[in-house]
Amino acid sequence: MSLAKRDEMIAVLDELSGRRLRGKGRAVRLCLMALLTGGHILLEDLPGLGKTTMALAFAGSMGLSFGRVQCTSDLLPSDITGLSIYDRNAGRFTFIKGPVFNNIVLIDEINRAMPKTQSALLEAMEERRVTVEGVTYPLPQPFLVLATQNPIEQVGTFPLPEAQMDRFILKTGIGYPPEETEKNILMHGSIREEIQHLTPTVTHDDLIEAMRAVHGIYVGEKVIDYVYAIARATREHPMVLAGISTRGAIGLVDAAKAAAYLDGRSFVIPEDVKDVAAVVCSHRLMLKPEQEAIRKEELLNAIVKEIPLPVT
Amino acid sequence: MVKIKAVVATLAIVIASIGYLPLFPYLDPLARWFFPVALVVGVTLERREKSPGGKILTPLSILLFLYYVSGLSLETVVAVTSNLLVVLLAVRMLGEKSGRNYLQIFGLSLFCLAASSLYNLSALFLVYLLALLLLLAVSLVVLTFQVQEREIMLSRLQLKRVLSVALLMPVASLPLMLFLFFLLPRTPYPLWSFLKGGGARQVGFTDTVRPGATSSVTTPKNVAFRAVCRKLPEDSLYWRGIVLNGYAGDAWVRLAPPEGEDAAVPAGESVEQEIYPEPSATGYLIALNLPRKLVGVRNNASPDQVFTGQVPGNKRVSYRAWSVLSDSLKNVGDLDRSFYLALPRSIPPRLFAEGQVLAARSDDAEGKIAAVRSFFRSRRLSYTTHDLPVGKDALDSFLYVKRHGNCEYFASACALLLRLGGVPARLVGGYHGGIYSDMGGYYLITEDTAHVWVEAFVDGKGWVKIDPSQWSQGFVQNESLGARVRLYADLMGFYWNKAVVTYDLEKQISLVRTAAQKVRGFSAPSVPKREVILVLLAAGGIVAVFFWIRQRPASPEERLVREFLRIAARRDPELNSRKCGVYEASRRLRDPALKEFAAIYGAAVYQDRPLQTDELRRCRDLLKQARQQA
């Protein structure tokens, strides 16, 4: 089994979830999957559950640059992309790059930014480049946006429309850590200080190579049939207004590839698809107005449960 | 979500109503009105979650019980019992309802329905019985839920499932019911008939004709009898019941026919009829004019072709009759002319004078009959059943004043004139017409078609049928739309009587006998044994190939995965229902052999390539290991 740089990636995961970010194993794994597929991830959870810590640790141990934007309603697009400032010494305008010019960008409380800023950011996510004053600047590779949003506080927010949600390959929560883990965290305090001095265990090139390996994972016909069956089932479900888009189905295949890679397989099995279906697809469902109260994850799990896995 | 409590309460109301409704016409006013009132009050109290409690209900029950039992005698056993059952049911509906009380309601309803069969065993009883059986089965199942948890709620889907399973039980038992119906022993006599007393009811067909007794005749459209036979021309539908051959005072009655008289039904094509009369007290067996033979019931035939049967109690019977559609009955014995020329005590003068004129005519009986016909025609009489002439001179009034009447007037006036004219004559009572049911292939004859006509003796011809009502203006007994509709409703009752009520020991025995004969008469056709074996083998082979094709896995992979899933399902039965994949199952079972199998199998199948030979072998080995471990 020769999957390039898989061992290194697993080592990073073990390091992070086993030692630094206890109780966040799943979220860290999903972040890595998003990174490997070249997608972005939306973390929806309450404040104070370690979203920022996780992002910092993640960036640190990967040896990647890290940028952070705290969204407020008066945040301007230029606060993210950067802007040109007149340099009196040089006698010309120089472009000061914004926080988006980093490998890992943490967008905190993305739903507090106004739609104009949100769309500028989402455009950068999709295009992987930024155009300011007629000049196009490519964004660094790899590029991962970790956006967070608070699901409870809704006052003064601009919730992301479903169309924008579609651009995140994964959406997940972190959740409270298990009892023992949380007590342990309380005993030892925050690890923010520690994280500042993390030594990266993988190189930038390792990461690029791993991404290429993920891209080359084999997806068989049966798995494609299965993905299509899920997409179609969501489109035909009576409670759903709009099911999974083709982009969503592509995301499902990509995420399944990353899962297969991390599992040490060079091909995708239907179980990979099933495992990632909820995090990849649920935020893409648009429910009928009268069904708003239903939790999308539960609905999606119910739909997936009804579709038999192809075994032959 | 549906409250089981509400379902049970509704079912109980319906069930109690099914117990009450068939008894309704036979109850005394107290029981008749107490039940609906108690039902409404009970429902209202239940809505308000109140109940009268045992302190009121128990003394009430005892009081009602004493009230009814005090009137108990041998004649009123049935009435008292049914009233008491309904009243007790009503009290139960009034009170608080626990599981035990519901069971009491169900039991009482069943008893009420059984009691109703003592009064009337019509086809409707079957409907009630089937409905009750279905509802009882459903209610008992639903009740078990409520007994477990009083306030239990079920979703619509769950309820649907419960109800369909509950419905399946009685439906599944229906064939058994049918089977038992044919087998169970039964008596040829109704067990309860001694309790019922005489079931005589008003019939249109009478054994006394006295025109002028009533001013209008209204006979209910009750069924008189049904006759299964082929469809016949309308004008031959005279059903002969009784012959009134003499006078008792002024009324026509049946006297014993004179000694030595005998009649012969002329030869001709005979019509076979199977007749199902409604129970009545007359004892005359009706058949198409002129009946030749009658079997199925022990009967006496008199020389004027009147059959009297010995029908026990109110038992429903059926008999078969053969008739010749002929208008004249030959007389082979001596005819006592004076007997058939006897006159009533009083004769209206004008009628007497008319008779004298007729007698003075020199020509024979046929000429006199023609003269009577032309006399009737000249009077321009019309047929009616209302505003009939009454009193002593009713016939005079009929012929000269009012000039309308019903068949009794026509027939008795005609017969009297003929007798005055010296032609022996008598009246024949029976029915005329009938509605043919094409679907059932039988005639339905109702009491309102009862009819009287005349037979006059013509030398050389015998007794000739004359229907003087035909000489009236507007004598039509046409069938209305209502009659058509009625006919369809009647069909069910007919088959009920035919198949259930008149089904008795005799038919049971004949059924067994024919079955035995069929079995005895059955002989296997002689076919060479070798050929039979060959054909059987070939058929078996085809069936086996068919199943093999259906069952055979298409590829070795498929066979492997089936085996794998079978092993997995045996270890964890839940897996089957979860539509599990191979990896998922092996992960859950934590068996290294199965895990390895999944890895090898998945690597091939999910990379769209067939398993290689060594992989196949390895997979089989792994499965064998797993099976042995299990």
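The values are calculated or read from the model by the stated rules, or taken from the named source; none is laboratory data. Please read these numbers as outputs of a predicted model, since none were measured by experiment. A quick note on method: Cβ atoms are made from the backbone with ideal geometry, for glycine too, and the neighbour counts reach across all protein chains shown. Accessible surface is based on the protein model in full, side chains and every heavy atom, while ligands, DNA and RNA are left aside. Shrake-Rupley method; radii C 1.70, N 1.55, O 1.52, S 1.80 Å.
Would you say A:LEU207 is closer than 29 Å to A:ASN103 by Cβ and away from chain B (no Cβ under 14 Å)?
Values: closer than 29 Å to A:ASN103 by Cβ: yes; away from chain B (no Cβ under 14 Å): yes.
Considered against the rule, which asks whether it is closer than 29 Å to A:ASN103 by Cβ and away from chain B (no Cβ under 14 Å), A:LEU207 comes out as yes.
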Residues of region A:62-108 that turn out to be open to solvent by less than 20 Å² (accessible area, probe 1.4 Å) and part of a strand (DSSP E or B), as a count: 8
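Answer yes if at least one residue in region A:149-168 is over 23 Å from the mean Cα position of the chain (by Cα) and β-branched (Val, Ile, Thr), and no otherwise.
yes
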The one condition in (1) surrounded by fewer than 19 Cβ atoms within 10 Å (Cβ to Cβ); (2) more than 24 Å from A:GLY173 (Cα to Cα); (3) within 12 Å of another protein chain (Cβ to nearest Cβ) that A:VAL223 fails to fulfil: (1)
Matching residues, region A:139-157, being open to solvent by 10 Å² or more (accessible area, probe 1.4 Å), at pLDDT 85 or above and out of contact with any Phe, Trp or Tyr (no Cβ under 7 Å at 6 or more places or on another chain): A:GLN149
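If you scan region B:375-396, which residues turn out to be small (Gly, Ala, Ser) and in contact with a Phe, Trp or Tyr (Cβ under 9 Å, 6 or more places away or on another chain)? Give the derivation first.
Pass one, region B:375-396, residues small (Gly, Ala, Ser): B:378, B:382, B:391, B:394.
Residues satisfying the conditions are B:SER382, B:ALA394.
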Pairs, first on the phi > 0 side of the Ramachandran plot in region B:592-608, second open to solvent by less than 30 Å² (accessible area, probe 1.4 Å), C-beta under 8 Å, six or more apart: B:ASP608/A:GLY220
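Please pick out the residue among B:ALA626, B:ALA593, B:ALA585 that is small (Gly, Ala, Ser) and within 13 Å of chain A (Cβ to nearest Cβ). Show your work before the answer.
On the way: B:ALA626 fails: within 13 Å of chain A (Cβ to nearest Cβ); B:ALA593 fails: within 13 Å of chain A (Cβ to nearest Cβ).
Residue meeting the stated conditions: B:ALA585.
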Residues (within 10 Å of chain A (Cβ to nearest Cβ) and out of contact with any Lys or Arg (no Cβ under 9 Å at 6 or more places or on another chain)) located in region B:596-610: B:TYR601, B:ALA604, B:GLN607, B:ARG609
Search result, residues across region B:253-270 that are closer than 20 Å to B:LEU290 by Cβ and part of a strand (DSSP E or B): B:ALA263, B:ALA264, B:SER270
Whichever residue in region B:256-273 is in contact (Cβ under 8 Å) with a residue 60 or more places away in the chain and of a type in the set (A, V, I, L, M) and, among such residues, is nearest to B:GLY440 (Cα to Cα): B:VAL265
Residue list for region B:401-433, restricted to those being surrounded by fewer than 24 Cβ atoms within 10 Å (Cβ to Cβ) and over 24 Å from B:LEU341 (Cα atoms): B:VAL401, B:LYS402, B:ARG403, B:HIS404, B:HIS432, B:GLY433
Given (1) away from chain B (no Cβ under 14 Å); (2) open to solvent by 40 Å² or more (accessible area, probe 1.4 Å); (3) hydrophobic (A, V, I, L, M, F, W, C), index of the condition A:CYS281 fails: (2)
Selected residue (only one of B:VAL7, B:VAL14 is over 15 Å from B:ASN101 (Cβ atoms), in contact (Cβ under 8 Å) with a residue 60 or more places away in the chain, hydrophobic (A, V, I, L, M, F, W, C) and surrounded by 20 or more Cβ atoms within 10 Å (Cβ to Cβ)): B:VAL7
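Is it true that some residue in region A:34-49 is assigned to a strand (DSSP E or B), open to solvent by 30 Å² or more (accessible area, probe 1.4 Å) and either touching a Lys or Arg at 6+ places or on another chain (Cβ under 8 Å) or of a type in the set (A, V, I, L, M) (or both)? Show your work before the answer.
Residues of region A:34-49 assigned to a strand (DSSP E or B): A:41-44.
Still in the list and also open to solvent by 30 Å² or more (accessible area, probe 1.4 Å): A:44.
Next, only the ones that are either touching a Lys or Arg at 6+ places or on another chain (Cβ under 8 Å) or of a type in the set (A, V, I, L, M) (or both) stay: A:44.
Yes, some residue in region A:34-49 is assigned to a strand (DSSP E or B), open to solvent by 30 Å² or more (accessible area, probe 1.4 Å) and either touching a Lys or Arg at 6+ places or on another chain (Cβ under 8 Å) or of a type in the set (A, V, I, L, M) (or both).
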Where B:LEU126 falls short, out of the listed (1) buried (at least 17 other Cβ atoms within 10 Å of the Cβ); (2) assigned to a helix (DSSP H, G or I): (1)
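Hey, can you tell me all the residues within region A:288-312 that are among the hydrophobic types (A, V, I, L, M, F, W, C) and buried (at least 18 other Cβ atoms within 10 Å of the Cβ)? Spell out the reasoning first.
Keep residues of region A:288-312 that are among the hydrophobic types (A, V, I, L, M, F, W, C), which gives A:293-294, A:299-300, A:302-304, A:307, A:309, A:311.
A:LEU299, A:LEU300, A:ILE303, A:VAL304, A:LEU309, A:VAL311 - these are the residues of region A:288-312 that are among the hydrophobic types (A, V, I, L, M, F, W, C) and buried (at least 18 other Cβ atoms within 10 Å of the Cβ).
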Some residue of region A:98-111 being closer than 24 Å to A:ALA255 by Cα, of a type in the set (Phe, Trp, Tyr) and touching a residue at least 24 places away in the same chain (Cβ under 8 Å): no
Every pair of residues 6+ apart whose Cβ atoms lie under 6 Å, when the first sits in region B:461-478 and is under 15 Å from B:GLY405 (Cβ atoms) and at pLDDT 80 or above while the second is buried (at least 20 other Cβ atoms within 10 Å of the Cβ) and among the small types (Gly, Ala, Ser): B:PRO468/B:ALA411
Total residues in region A:235-250, condition within 14 Å of A:VAL280 (Cβ to Cβ), in contact (Cβ under 8 Å) with a residue 40 or more places away in the chain and either outside the structural domain of A:GLY264 (by TED's automatic domain parsing) or in contact with a helix residue (DSSP H, G or I) (Cβ under 6 Å, 6 or more places away or on another chain) (or both): 3
Failed criterion for B:SER270 (all others in (1) closer than 30 Å to B:TYR119 by Cα; (2) open to solvent by 30 Å² or more (accessible area, probe 1.4 Å) hold): (1)
Tabulated pairs, region A:294-310, first at the interface with chain B (Cβ under 10 Å from one of its Cβ atoms) and of a type in the set (A, V, I, L, M, F, W, C), second open to solvent by less than 60 Å² (accessible area, probe 1.4 Å) and not in a helix (DSSP H, G or I), C-beta under 8 angstrom, 6+ apart or interchain: A:LEU309/B:CYS580; A:LEU309/B:GLY581
In region A:234-277, the residues that are open to solvent by less than 10 Å² (accessible area, probe 1.4 Å), among the small types (Gly, Ala, Ser) and more than 14 Å from chain B (Cβ to nearest Cβ): A:GLY248, A:GLY251, A:ALA255, A:ALA258
Complete set of residues in region B:544-573 that are open to solvent by 100 Å² or more (accessible area, probe 1.4 Å) and either within 13 Å of chain A (Cβ to nearest Cβ) or at pLDDT 80 or above (or both): B:PHE546, B:PHE547, B:TRP548, B:ARG559, B:ARG566, B:ARG570
